[in-house]
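Remarks on the structure that follows.
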Amino acid sequence: MKPIRFVSSIFVALSAALGSAHAADHLVVYSALDTVDAAASAFTEKTGIQVDLVRLSTGELLGKVAAEGDNPKFDVLWVEGSAVMSRLADQHILKPEPGLADGVQYTDLGHRLVPKSQAYFPVTVSTTAIAVNNAKIGSARPPKSWHDLVGFAGSVAAKDPNLSGPAFQWLAGYFASKGVDAGKQELLNILTNNKLSGIPSGGAVNKSLITGDASVAIQQDTSIYALIDQKEPVSIVYPSEGVVAIPSSAGIARTTQHEDNAKKFIQFLLTKDGEAAMERADGGDGFFAPLIQGVKGKGARVDNTSSWQILDDAKASANETEWKQWFRDQFVP
Amino acid sequence: MVQGSVRTVIGSAAPTRNAAAVEGGIGAGMTSRSLIVGGKGWGGGSPLSWFVAFVLIGLPMLLVVVQAVVPKLFDPTAPSIALSFEPLSRMVTSPRLLHGIVNTVVLGIVGAIVSTLLGLALALVVHLTDVRMSRVWKALPWVVFATPSYLKGLAWVLLMSQGGYLVYLGMLTPTQASSFFGPTGLLLVMALSLFPVPYFIVRARLEGIGGEFLDAARMASASPARTIILIVLPMIMPAIGLSLLTTFAEVVGDFGLANTLARSMSLGLLTYNIYAATSSFPVDFAAAGAQALLLGVLVSGSVVAAAFGGTQRDARFLSGRNRSLRPYRLRYWQPLVFAVLALLAISAAVLPLLAVTLRALTTSLGAGLSPSNFSLSAIRTVFDISNVAGQALVSSFAYAFATALVTVAFAIVFAYRVSLASKRTRVLAAGLAMVTVAVPGIILAFGYILLYDRVPGFENLGLYGTRTLLVLGYCAAALPYCLIFMWSALDRLGSSLGEASRLAGATPLRHLRLIVAPLIGRAIAAAFGVTMIRTVFELPMSQFLMPQTGPAIPALIVDDFTQDKDAVACALALVALLAVAIAWGLATLVGRSNLRSKGAKS
């Protein structure tokens, strides 16, 4: 075979392979959660509906969603942080689906987390707590509250709310409970080491806590339970001031061509089968607090969700740009 | 004459984007029009190729950069074309952004000097002396080059953290480890990561020096040190200048180390700030565009300096009468030089790869290297073909092959047409290629989203979310340095070849197919291999143009890192690196056996 013919036949074969890759009837789900693979597989097994996943970290995924703007290419978006979803609903990127969750057996917290717009629906919930590396703090008294973290100033790791939906949810909840000015001042006294504040991802926060300079971390509780499950010398403290719920929520794109299948997918996520599939996931997100009655949390999780506060999404969304900018200017090098 | 040309092509086909850029692109642009012979069809105009390159690279990048002055262009609720210079002025008024710019420039300058010194020293030792195991030292820059910078950054974090492997093994105290995370540590890692760039440039020049120069010095009883200082260094001075400039461009455009090590050191850099602007919500495309514009200006500055600063002097020393180069004997210096090179190999390649390997084979980060912590579960996950990791591995190699095939084919034709064009056109093309490779890939990736999902006409093509668009994005990212490789090779061909073809009545394309392509065959092969390697590890395109059918390897590796699944991420990276090494080894073997069979036939 002549080289040129060989090259062209390879090119034609590759083009055919690449071109046939995009199936128009598949449901496209964008998600930042590592539970999505298991949930999607279980959904396909049950319904026969094929799901194509696009999984990135929250910051990158929302960057992609922002670039797609008013022409979103997902059918279902499933991320953590209700403030983000609220903004997307306000921008009419998400479509309200009244009645979608009418038959869902939500827990009390689940019912409270469903927004009035019904443009997105809480699937699981977590919160932000304090992760303590017991080996590093030694005989020191562990913190009991956010305020106690002042005593650990310089060795407190925290995520950058600009790059993490859950971290912004924490910041907004922090300001809601402390007051904006008082909250800012307290954070200035806690996050005094810029090497540890404003870290880009939860994974990097954990590295700082386990092998780096941090002895405590402001971290999502799912991630802390995952560390405990891996036998790392870590314990979890829910601060006495209270914590704010971080729902992972799923919404449907206004432009979707697969509305029925998208609704079926979200409804599946809100069943015991769906939540059980999510708990089989390998990563930290599988340690969520269930929002469906009769489902028990995985690992060492304690059931204290009844005391969790609900964020005022509208207020958080309205102040999002300013608060994120403040955090970036103070704590991100 | 032809043999001499071919040999030079091989030498200059360095596996680095900017190295080859300056060797071939800028240098060629400012020296001679090697292929221009006049006549119908032999001009350099190729509007179709320029149009394709513009659509592939220029237009997507422009869509992001233009938002530096039209910040509401793609606003989802109220788009507007109103001009605003606020994003540009913010770079000066925001202390954080300003620090990022200053840090980047300072690090670029110092990093360029340190890396160039290291690369220069290695090239001189390996190519001018009889140092033992020279094959190993020649392979070292390739190994370092093939390892993506985000993996190197992570490896150094694993090694040097307070609870990292070196502390665990008792080689460092926690305090010593912590002190590594400062400017000195970052510079050290930069130098260890980027020395292949100056090494490849200097090596290409050294291979062009005939043995007669050194023989003359020997006959005049000049010592090796005196010969190097008075003869070799002046002859390779243009390459040293080019190394400094290209390494500067590499440092300021690097994202992998900026996102890992520099961040751990509380050192804000321009590329990280661009990433942060595009990965926060709401996305600040205006800030990203303004900073990308500034990065482009910084790199174009180095390109202009390269073009007009004397580094472009014609330094072709090859003629038909070149003697082979006789290396200097190191004698009693041999053990010391060997030890220094071994230290370099350990620091630049062995330790980072070992850290990645150890993490892939252990379960918990905190338990370090205790025997009970070792497990093969992460490796098993990668080889599970039903798992997304196994599928990503197979897909990535298919994407890389398709990308290399398409990009190299286009680059051959386009570079050839540009090489026939005027000097101004060639300098412009080389400059644009350099700027493109230095601006972070994330800008190009976002440009692709905007172009294929938001711009009427392109949006209707239905490419968004498909594998085809991912491969197109990979092609766009790879095209600049493929072009540069081709220019590098084309520059070494004498003008007599083109004249002979033209006089024989051949068309330029026939001349390209029958004369030029065979002569630059090894450069084409090198471009193909390097494009494949880079594509397998190309991060921004893999993340932002992720096909709906599943991720490519880099997106999965980084996603696993951010989701705290380090072991699987490291296992995946390790397997990908091994697969690249095996593919490269097989290709080399096939190439050698082809050469042998051709030699036997002739």
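Among the residues making up the stretch B:386-410, those that are farther than 16 Å from B:Leu574 by Cα, more than 10 Å from chain A (Cβ to nearest Cβ) and among the aliphatic types (A, V, I, L, M) are B:Ala400, B:Ala404, B:Val408. If you filter the stretch A:149-183 down to residues that are in a strand (DSSP E or B) and among the hydrophobic types (A, V, I, L, M, F, W, C), you find that the one that is surrounded by the fewest Cβ atoms within 10 Å (Cβ to Cβ) is A:Val156. Checking the stated criteria, B:Asp560 turns out to be charged (D, E, K, R), surrounded by 22 or more Cβ atoms within 10 Å (Cβ to Cβ) and under 25 Å from the mean Cα position of the chain (by Cα).
When the residues of the stretch B:158-187 are filtered to those that are open to solvent by 20 Å² or more (accessible area, probe 1.4 Å) and touching a residue at least 40 places away in the same chain (Cβ under 8 Å), the one that is nearest to the other protein chains (Cβ to nearest Cβ) is B:Gly163. Here the condition is being aliphatic (A, V, I, L, M) and open to solvent by less than 30 Å² (accessible area, probe 1.4 Å); of B:Leu545, B:Leu578, it holds for B:Leu545 alone. Restricted to the stretch B:445-457, and to residues there that are open to solvent by 10 Å² or more (accessible area, probe 1.4 Å) and touching a residue at least 40 places away in the same chain (Cβ under 8 Å), the residue that is nearest to the other protein chains (Cβ to nearest Cβ) is B:Arg454.
Does the stretch B:87-104 include one or more residues that are open to solvent by 50 Å² or more (accessible area, probe 1.4 Å), at positive phi and more than 14 Å from every other protein chain (Cβ to nearest Cβ)? No, that holds for no residue. Would you point out the residue of the stretch B:119-160, among those that are in a helix (DSSP H, G or I) and of a type in the set (Val, Ile, Thr), that is nearest to the chain's Cα centre (by Cα)? In this case the residue turns out to be B:Val144.
Restricting the search to helices (runs of 4 or more DSSP H) fully inside the stretch B:396-492 and requiring at least 2 residues that are farther than 27 Å from B:Ala258 by Cα and modelled with pLDDT of 80 or more gives B:441-454, B:467-490.
If you go through the stretch B:363-374 and keep only what is more than 13 Å from A:Lys231 (Cα to Cα) and of a type outside the set (Phe, Trp, Tyr), you end up with B:Leu369, B:Ser370, B:Pro371.
Residue-level check: of (1) within 12 Å of chain B (Cβ to nearest Cβ); (2) open to solvent by 20 Å² or more (accessible area, probe 1.4 Å), A:Glu186 misses just (1). For residues that are open to solvent by 10 Å² or more (accessible area, probe 1.4 Å) and within 12 Å of chain A (Cβ to nearest Cβ), scanning just the stretch B:525-542, find the one that is nearest to B:Leu56 (Cα to Cα). Of everything passing the filter in the stretch B:525-542, B:Pro540 is nearest to B:Leu56 (Cα to Cα). Which of the residues that make up the stretch A:193-211 are part of a loop (DSSP other than H, G, I, E, B) and either out of contact with any strand residue (DSSP E or B) (no Cβ under 8 Å at 6 or more places or on another chain) or open to solvent by less than 10 Å² (accessible area, probe 1.4 Å) (or both)? Matches in the stretch A:193-211: A:Asn194, A:Lys195, A:Leu196, A:Ser197, A:Gly198, A:Thr211. Inside the stretch A:223-236, residues that are more than 10 Å from chain B (Cβ to nearest Cβ), within 17 Å of A:Gly202 (Cβ to Cβ) and not aromatic (Phe, Trp, Tyr) make up a count of 4. Checking B:Leu267, B:Leu294 one by one, the residue that is within 14 Å of chain A (Cβ to nearest Cβ), open to solvent by 10 Å² or more (accessible area, probe 1.4 Å) and of a type in the set (A, V, I, L, M) is B:Leu267 and no other. Reported count of residues in the stretch A:25-41, each being facing chain B (nearest Cβ under 10 Å) and not in a helix (DSSP H, G or I), is 8.
Meeting the requirement of 3 or more residues that are among the charged types (D, E, K, R), the helices (runs of 4 or more DSSP H) wholly within the stretch B:502-602 are B:566-601.
Close Cβ contacts (under 6 Å, 6 or more residues apart or on different chains) running from residues in the stretch A:309-333 that are within 7 Å of chain B (Cβ to nearest Cβ) to residues that are of a type in the set (Ser, Thr, Tyr) comprise A:Pro333/B:Ser266. Applying the condition of being at the interface with chain A (Cβ under 8 Å from one of its Cβ atoms) and buried (at least 24 other Cβ atoms within 10 Å of the Cβ) to the stretch B:271-284 and asking which residue is farthest from B:Gly108 (Cα to Cα) yields B:Phe281. The residue that is nearest to the other protein chains (Cβ to nearest Cβ), among those in the stretch B:359-385 that are among the aliphatic types (A, V, I, L, M) and surrounded by 16 or more Cβ atoms within 10 Å (Cβ to Cβ), is B:Leu365. Where helices (runs of 4 or more DSSP H) fall entirely within the stretch A:42-137, those with at least 1 residues that are within 12 Å of chain B (Cβ to nearest Cβ) and within 20 Å of the chain's Cα centre (by Cα) are at A:58-68, A:82-90. For the stretch B:501-516, the criterion of being over 25 Å from the mean Cα position of the chain (by Cα), within 12 Å of chain A (Cβ to nearest Cβ) and open to solvent by 10 Å² or more (accessible area, probe 1.4 Å) is satisfied by at least one residue. When A:Gly251, A:Gly274 are checked against the criterion of being in contact with a helix residue (DSSP H, G or I) (Cβ under 7 Å, 6 or more places away or on another chain), open to solvent by less than 10 Å² (accessible area, probe 1.4 Å) and outside any helix (DSSP H, G or I), A:Gly251 stands alone in meeting it.
The values are calculated or read from the model by the stated rules, or taken from the named source; none is laboratory data. Computed from a predicted model, the values in this text were never measured in an experiment. No Cβ is skipped: glycine too gets one built from the backbone with ideal geometry, and neighbour counts run over all protein chains shown. Ligands, DNA and RNA are stripped out before the accessible areas are found, and what is left, the full protein with its side chains, is counted by its heavy atoms. Shrake-Rupley method; radii C 1.70, N 1.55, O 1.52, S 1.80 Å.
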